[in-house]
1. Leaving out ligands, DNA and RNA but keeping every protein chain, what accessible area does HIS152 have, in Å² rounded to the nearest 10, with a 1.4 Å probe?
2. Rounded to the nearest whole Å², what accessible area per residue is found for the range 226-267 with the 1.4 Å probe?
3. Computing the accessible area with a 1.4 Å probe over protein heavy atoms, can you report the carbon and sulfur percentage for the range 88-206?
4. Accessible area per residue for the range 89-204 in Å², computed with a 1.4 Å probe and the full protein assembly in place, what is it?
5. What is the magnitude of the charge dipole of the range 156-275 about its Cα centre, with +1 placed on the Cβ of each Lys and Arg, -1 on the Cβ of each Asp and Glu, and no other charges, expressed in debye to the nearest 20?
6. May I ask for the percentage of alpha-carbon pairs in the range 180-238 that lie more than 13 Å from each other?
Amino acid sequence: MFENNVTRRGFVTGAAAVAGLAGLSTIAPGLASADPKIADQHTDAEIQAAEAGALAMMTFQKIDGTPVYYWRSNRGNTTLRNWQCTDAFYNALVAWIRDLRSLSSAYGSISYIVSAGFYVDKPGQHGAGTAMDLDHVRWSGGNTISPLDKAHASGTASVRKRYLATEAVCRRRFRYVLDGWYNADHADHIHADFGGMPVRVLKDSESDTKFVQAVCNNFRGSGLVIDGDWGTNTQNAFNGLKSALGVTGDPHTSSSVWQAMLSKIATKGFANQNI
């Protein structure tokens, strides 16, 4: 898998980032294939230190009006804090949370989200200010999803579907999304970043393949081994998933097709429906 072979240090700014957001074919230089950063959750001290050094970053406490809290050092804390990222990445965050509001509207408004970090002075996408670690989402109707509590491994099918729905929304706006199935380092958060934009689903991507396998298993009972290997069984299950969702076109090459497919997965997941 190419994700395990190249170190991600690219910095996405300007037209390349905007093109990626728009789902165009432009890929930012140096990010066509990139390695997800492992063990990317951050300590409170690291984030505080980053606040002083993020001179090129914008600062925010809310995403499009939704508060963003930090629970790693104090579970349940609702004190607003300063986060940093690039302007382009913040614009992607706004698009993402608007997608999430729309696709999960039956749950009510989003009361708050919890993050384990955005910009942190480390190598990789976090150090570029183009990454987010998502720990928890709470809606006004009382529903929650908590990657922090390893919701992907929940014994309740509806919770796993909601986790995958939330992840699907992340994948609409961010190319690399790493989840609890990807590896143990991401068991307690969903990582999303700009590496390798634009969005699409690639057969040689371990993270993409494991997401597809998890979706097929949890929504269709496909019984796939979640191993990141896009083999015959995964291809057949993916074909069945596409057909059941009424997806036409090629999500491997077309961002718009993949984004539309992700929206349908998310809608089913938030409604606790099989596909």
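The values are calculated or read from the model by the stated rules, or taken from the named source; none is laboratory data. All values reported here derive from a predicted model rather than from experimental measurement. Quick reminder, even Gly has a Cβ in these numbers, built from the backbone with ideal geometry, and neighbours come from all protein chains shown. Ligands, DNA and RNA are stripped out before the accessible areas are found, and what is left, the full protein with its side chains, is counted by its heavy atoms. Shrake-Rupley method; radii C 1.70, N 1.55, O 1.52, S 1.80 Å.
1. Near enough 20 Å² of accessible area.
2. Using a 1.4 Å probe on heavy atoms only, each residue of the range 226-267 averages 43 Å².
3. Numbers: 1300 of 3090 Å².
The C+S portion of the solvent-accessible surface of the range 88-206 is 42 percent.
4. Normalised by residue count, the accessible surface of the range 89-204 is 26 Å².
5. Roughly 580 debye for the range 156-275.
6. 62 percent
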